[in-house]
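Structure, as structure tokens:
The values are calculated or read from the model by the stated rules, or taken from the named source; none is laboratory data. None of the values given here were measured: they were computed from a predicted structure. Every residue, glycine as well, gets a Cβ built from its backbone with ideal geometry; the counts of neighbours run over all protein chains shown. Calculation scope for accessible area: heavy atoms of the full protein, side chains included, ligands and nucleic acids excluded. Shrake-Rupley method; radii C 1.70, N 1.55, O 1.52, S 1.80 Å.
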Amino acid sequence: MPGYLIKKLGRLLLVLIGVSLIAFGMTHWIQGNPAELVLAQTGVDPTQEEIERMEHQLGLDRSLPEQYLTWIEKVLQGDFGTSYITGVPVKEELAYRVPATLKLTIGAFLVTLGLAVPLGIWSAVQKDKLPDVLTRGAASMGLAVPGFIWGLLLCYWFSVRLGLLPMTGEQTFARLVLPVLTLSLPLTSRYICVIRGCILEQLEEGYVFLLRSKGLRERTILWGNVLKNAAVPVVSLLGLSLGSLLGGSVVVESLFSWPGLGSYLITSINNRDYPVITAYVLLMAVAFVLINGLADLLLCLLDPRIRLGGGRQT
Amino acid sequence: MEPLLVVEHFSVQYQRMDRPAVDDVSLSLNPGQVLGVVGESGCGKTTLIKGILGFFPHCVAGVAGSVRLEGKELLGLPDKERRNLLGTSMDVIAQDSGTSLNPMKRIGKQFSQILGEKLGLSYQSSMIYARELLARVNCPKELLNRFPFQLSGGQRQRVLIALAFALRPKLLLADEPTSALDVTVQGQVLRELELLRRDCKSAILLISHNLGAVSRIADQVAVMYQGQVVEYGETHQVMDTPSHPYTKGLIACVPSLSLPKSQRLYNIPQGGKEWEGGCRFASRCPERIPDCQRQAPQLRPGKKGGLVACHCCG
């Protein structure tokens, strides 16, 4: 098990280094000359002299590897530079926005789990009966309609028509409900189908036949065997989904004017505020890597075939 | 004395098939006896076993006849009553030992789960019993701490046999218990089956395409062809003096040490066209007479004892 984890961790570290190189490259190759941008922002006339002075100040006259190393050193200390637009350090802005996004993402993740796990199990157990047909129908609808449409519909029903939940204002629990629901609806729908499929697949396995032929109760077979085995593919998928939840919050945050990372990113992209975009890319990469590392660890604990390094992997 | 198992005019029809997979099969098995059922792949052997157990997949369109265990009709039995019979009154050793154990559970846990629910044993006492069972099939007790993927094929098959005999079933349905094993291990596993039969006084319905295995431990043999029993009698009589051309063909297919090396093995000719009525074997039969394609032969007492379904050799 340690060998497996070390290998995984090493790979994740490589991913991080790769992403940081891409992010670094982005700031240096796509945006044109940053010195000119900064000068334009501060309102100084960009003469040749001024540009050279600013290039020296920003360290742009040094070699690329040197620049990368100074940049990465700063980043590791939490210094992502200063926003071109507002002049506020990106770090400060992040400190305010990361918790907002985390609230949203973790909330949506918990709602997804809380709905999809019981519904998926129920749907699988009641295969082709009324509960299954209804759940699957609802799940198809949740999948077919894009998330932002759900957001608009939920806003209309719960805020405009019924006036139950606020659409704007303070970051209260009630304010969190609609964006969390919007974010989790498509994911819940998908996981109902995934969990149902994984359970049904397990129910076809030879060991289920063996347990049934010994006359064990379906309850023992399901809760004592099938669910744990079906959890393996679900956990590895969840790792990926939690990452895409962070990304998916971009649209929902804009829709509900939630002051999270996503809406910050959208504004920054519109303003070509590269330090912010770079910080976002790096942060997302770190989040992805951490979450997948966690999922791998969980799989390791769950599945002896991975832990002990043998057998057929599912 | 009423036989332990009576199968009468038992038929199973799958959806979208032109003939039943098991067609009007009648068998009976006395306590402690071994009945071998032989035939080629697809002749309905496994469907017969699943039918006796009462496991009908969704694609079954119709079931007819009667299956009685100790005088009790099994067809149409409510699930709960069937569960009480399964394991303790009848049990099965499935074809594929590779998938018959839960890949994510230690062998010991799998024993204790079954013994706990069926015999009400505590974890400690079920471990003691499991150790004893493993010793009887020549397996070290260390296996209890292993996962199925850490066992060899022969060990897995022995664990299945140990599990089957743990509940001392009156009837054991063995579906090709040796066909996935090396020849050397096949012999040992058969010996263990026989030993346990003597210990537990279980009757065994042994399904196999391995004539050697069947002739070694079976008291009686039923030969199946395309869902029907074509010959049925005492093992020595069927094996030494077969009546039905199909049985003769099957026996002639087995290589023998006494044959000259240059002689080619007998090959049952392939049938030319679809079955349109009459004897199912007619199109492949070297001894067919015009009657064969007109009228289906009934199973009736043959000249050499036993039952045989053939127009020309009865």
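Do we have B:Gly62 as open to solvent by 10 Å² or more (accessible area, probe 1.4 Å), on the phi < 0 side of the Ramachandran plot and out of contact with any helix residue (DSSP H, G or I) (no Cβ under 6 Å at 6 or more places or on another chain) here? Taking the combined requirement at face value, the residue satisfies it. Please work out which residue is least open to solvent (accessible area, probe 1.4 Å), limiting yourself to region A:85-125 and to residues that are free of Cβ contacts under 8 Å to residues at least 12 places away in the same chain and within 14 Å of A:Leu246 (Cα to Cα). My answer is A:Pro99. Here the condition is being farther than 25 Å from B:Leu69 by Cα, over 14 Å from the mean Cα position of the chain (by Cα), of a type in the set (A, V, I, L, M) and surrounded by fewer than 20 Cβ atoms within 10 Å (Cβ to Cβ); of B:Ala180, B:Ala130, it holds for B:Ala180 alone. For the criterion of being in the same structural domain as B:Val185 (by TED's automatic domain parsing) and either in contact (Cβ under 8 Å) with a residue 60 or more places away in the chain or open to solvent by 20 Å² or more (accessible area, probe 1.4 Å) (or both), B:Glu117 fails. When region B:158-183 is filtered for residues that are within 19 Å of B:Gln113 (Cβ to Cβ) and within 10 Å of chain A (Cβ to nearest Cβ), the ones remaining, listed by number, are B:Leu160, B:Leu163, B:Ala164, B:Ala166, B:Leu167, B:Pro169. When region B:149-171 is filtered for residues that are more than 15 Å from B:Ser112 (Cα to Cα) and part of a helix (DSSP H, G or I), the ones remaining, listed by number, are B:Phe149, B:Gln150, B:Gly153, B:Gly154, B:Gln155, B:Arg156, B:Gln157, B:Arg158, B:Ile161. Residues in region A:168-220 that are acidic (Asp, Glu) and within 14 Å of another protein chain (Cβ to nearest Cβ): A:Glu201, A:Glu204, A:Glu205, A:Glu218.
The set of residues from region B:143-155 being touching a residue at least 40 places away in the same chain (Cβ under 8 Å) and away from every other protein chain (no Cβ under 11 Å) comprises just one member, B:Gly153.
For region A:257-279, the candidate set comprises residues that are under 18 Å from the mean Cα position of the chain (by Cα) and part of a loop (DSSP other than H, G, I, E, B); within that set, the residue that is surrounded by the most Cβ atoms within 10 Å (Cβ to Cβ) is A:Gly260.
Out of the residues in region A:221-238 that are of a type in the set (Gly, Ala, Ser) and surrounded by fewer than 20 Cβ atoms within 10 Å (Cβ to Cβ), state the one that is farthest from the other protein chains (Cβ to nearest Cβ). Out of the qualifying residues, it is A:Ser236. I'd like to verify a number: residues in region B:278-314 that are farther than 14 Å from B:Thr247 by Cβ and touching a helix residue (DSSP H, G or I) at 6+ places or on another chain (Cβ under 7 Å), how many? So the answer is 6. Residues that are modelled with pLDDT of 95 or more, at least 2 per element: which helices (runs of 4 or more DSSP H) completely within region B:69-136 meet that? So the answer is B:107-119, B:123-136.
Every residue, every condition in (1) in contact (Cβ under 8 Å) with a residue 12 or more places away in the chain; (2) at negative phi; (3) surrounded by fewer than 24 Cβ atoms within 10 Å (Cβ to Cβ), yes or no:
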| position | (1), (2), (3) |
| --- | --- |
| A:Gln171 | yes, yes, yes |
| A:Leu176 | yes, yes, yes |
| A:Thr182 | yes, yes, no |
| A:Cys198 | yes, yes, yes |
| A:Glu201 | yes, yes, yes |
| A:Gly206 | no, yes, yes |
| A:Arg212 | no, yes, yes |
| A:Arg217 | no, yes, yes |
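At least 2 residues being farther than 26 Å from B:Pro57 by Cβ and under 23 Å from the mean Cα position of the chain (by Cα) is the threshold, and among the helices (runs of 4 or more DSSP H) wholly inside region A:124-234 those reaching it are A:130-144, A:147-154, A:173-203. With a requirement of 2 or more residues that are free of Cβ contacts under 8 Å to residues at least 40 places away in the same chain and surrounded by 16 or more Cβ atoms within 10 Å (Cβ to Cβ), the helices (runs of 4 or more DSSP H) lying completely within region A:1-84 that satisfy it span A:34-42, A:48-58. Counting only strands (runs of 3 or more DSSP E) that sit completely within region B:1-43, those holding 1 or more residues that are within 14 Å of B:Val230 (Cβ to Cβ) and touching a helix residue (DSSP H, G or I) at 6+ places or on another chain (Cβ under 6 Å) correspond to B:22-29, B:34-38.
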